[in-house]
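One structure below.
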Amino acid sequence: QVQLVESGGGLVQAGGSLRLSCAASIRTFSSYAMGWFRQAPGKEREFVAAISGSGKFTRYADSAVKGRFTISRDNAKNTVSLQMNDVKFEDTAVYYCAAGGSWQPDSNAYDYWGQGTQVTVSS
């Protein structure tokens with residue numbers, strides 16, 4: 001059974017940094033694309049970043065996070081990370097990692113989801 005467990009969320013001041021991690025219990029982890037999504041209160045879940053199975057290709061939400069967030073993965077450790085720099089109040093959300101067959105920004109491309117980790121940015 002596939003399980004994704006996020007960690008690293010918490011309270012951070014605007015302008016600060018935070019690193020989220022997702023541990024995956026997937027036998028063939030490198031065959032899965034991984035994505036990060038987020039959901040703010042009262043809003044729909046939105047795409048943040050994705051990475052291909054090999055880690056060679058990445059994709060980011062264009063205006064919201066590009067240049068501030070970096071997605072990476074360690075296939076030897078079955079983990080994917082999201083480095084968040086220069087965080088803003090509007091980055092406050094529950095962050096979810098997801099595994100799927102394609103590194104697309106569409107949540108429907110992902111088959112497995114974690115429970116999420118809360119990120120709160122204070123001004």
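The trypsin sites (Lys or Arg not before Pro) found in the range 1-92 that occupy coil by DSSP, while having at most 15 further C-beta atoms within 10 Å, are R27, K43, K56, R68, K77, K88. Spin-label model, T120/A64: points 7 Å from Cα along the beta carbon direction are separated by 2.0 nm.
Using a probe of 1.4 angstrom and keeping all protein chains present, the accessible surface of the chain works out to 52 square angstrom per residue. For the range 1-106, GluC sites (Glu not before Pro) meeting the loop criterion (DSSP other than H, G, I, E, B) and having at most 16 other Cβ atoms within 10 Å: E44.
Charges were assigned to the Cβ only: +1 to each Lys and Arg, -1 to each Asp and Glu. The resulting dipole of the chain about its Cα centre is roughly 260 debye. For the range 39-75, the residues whose amide N sits under 19 Å from a probe point set 7 Å from the Cα of S102 along the beta carbon direction are 46-62. Based on the Cβ-Cβ distance of A40 and D111, what FRET efficiency does E = 1/(1 + (r/R0)^6) give at R0 = 22 Å, to the nearest 0.05? Plugging the Cβ-Cβ distance into 1/(1 + (r/R0)^6) gives 0.40. As a fraction of the 1.4 Å probe accessible area of the range 1-104, surface on carbon and sulfur atoms comes out at 47 percent.
The values are calculated or read from the model by the stated rules, or taken from the named source; none is laboratory data. Bear in mind the structure is a predicted one, so any value in this text is a computation, not a measurement. Note that each Cβ is placed from the backbone with ideal geometry, even for glycine, and that neighbours are counted across all protein chains shown. Note: accessible area is taken over every heavy atom of the protein model, side chains too, but ligands, DNA and RNA are not part of it. Shrake-Rupley method; radii C 1.70, N 1.55, O 1.52, S 1.80 Å.
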